[in-house]
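K.L.:
Once you've had a glance at the structure underneath, I'll fire off some questions.
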């Protein structure tokens, strides 16, 4: 392992955890796709090859980014934000629809799709981190500070919310967390939150008063998911996937049914993505489920460690934002599968089958490792200088 890690700079624990999760995803995706084979045809090995292709792309970006100087991340923050806005606007009008939601951009010639919101999540965290540094002396002023910091968040979340409420809500919560870490006064955060809630109620009211406007095309889906969660035992058909996910977890017991031997995964439409954790527990059991939770917590701990060791406050905000983003996605997936949250579209970072989500998770890790690598270089430089002085 040390022989290979010498080519990978940055935090070695983050590398080990990330590569273990990516490697393990190949086993689980191959095991969890029977439902996809039934619905769309093909064979498990075809989906495994496709997922392996995405893993290779993700690892390439992770490796390439971690070799770059972290100063370029800040310099590209504004460009990445406007690119994310452009992609979201394009998706809004020309996006490919899957399950009545236009979230995907088809990549020409190769037949693959890319979810623009996955790129936007990382882009807004990078840009927000830069803005918090730029306006750190004006955080008590709405006009000179808060407005400049908040409008990019509102724009990105506003463009996402139409077709993906759960992602927009999660991203908004993460951005609010980063703003809190960035020392935005708590009173102003509360006012922003209350304002967003008020706008949300007004939008729902307008949608119901004038349904022909189709202001919120997926509102009925959101409402059904919330009420189905509250009354899941009364409507078994509408809550089949949620109920089956809990049955799968119960079926897993302590040591699981064994790899490939899970039965309920064949009745959960998103067993390989949105309900990944349920499929995982069914086949691997409670013991490995807890190990998976610990792996994500270790990943978060090491990212926080990199953040606290950063010399630039921008890098601290960025690492913490990425850490919260990755852990939040994993936590929501677990909470949905266990029945705590209503059904949403969040999959497990670095593990679930997916293209853009997997790649952007790898990009996020690459950014953290770039910052960690920069810390290592500066630490070695200081050691050499101290030795020369002696």
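K.L.:
Defining a contact as two alpha carbons under 8 Å apart and six or more residues distant in sequence, what relative contact order in percent does the range 2-382 show? Walk me through the intermediate numbers first.
P.N.:
Numbers: 528 pairs, mean separation 102.6, N = 381.
Across the range 2-382, relative contact order equals 27 percent.
K.L.:
Ok, one more. Based on other C-beta atoms within 10 Å, arrange 245, 331, 31 from fewest to most. Mind showing how you got there, number by number?
P.N.:
Values: 245 30, 331 18, 31 22.
Fewest-to-most ranking of 245, 331, 31: 331, 31, 245.
K.L.:
Let me ask something else. Students often check this: by mean Cβ neighbours within 10 Å, which of 150-156, 286-292 ranks highest, and how do the rest follow? Write down the numbers at each step before the final one.
P.N.:
On the way: 150-156: 19.3, 286-292: 15.7.
Those peptides, ordered most packed to least, come out 150-156, 286-292.
K.L.:
Could you tell me the center-to-center distance, by alpha carbons, between the range 295-350 and the range 261-286 in angstrom?
P.N.:
Computed from Cα coordinates, the inter-centre distance equals 22 Å.
K.L.:
Starting with the fewest neighbours, write out 62, 348, 334, 39 ranked by other beta-carbon atoms found within 10 Å of each beta-carbon. Display every interim value, and only then the final one.
P.N.:
Numbers: 62 26, 348 30, 334 23, 39 10.
Final ranking by Cβ density, sparse to dense: 39, 334, 62, 348.
K.L.:
If packing is taken as the average count of other Cβ atoms within 10 Å, what order do 320-330, 188-198, 119-129 fall into, highest mean first? Present the calculation step by step, with values, prior to reporting the outcome.
P.N.:
Numbers: 320-330: 22.9, 188-198: 13.5, 119-129: 25.2.
Final packing ranking: 119-129, 320-330, 188-198.
FYI, it's all coordinate maths here, none of it is from the lab. The model shown is predicted, which means the values in this text are computed figures rather than measured ones. Virtual Cβ from ideal backbone geometry, glycine too; neighbours counted across all protein chains shown.
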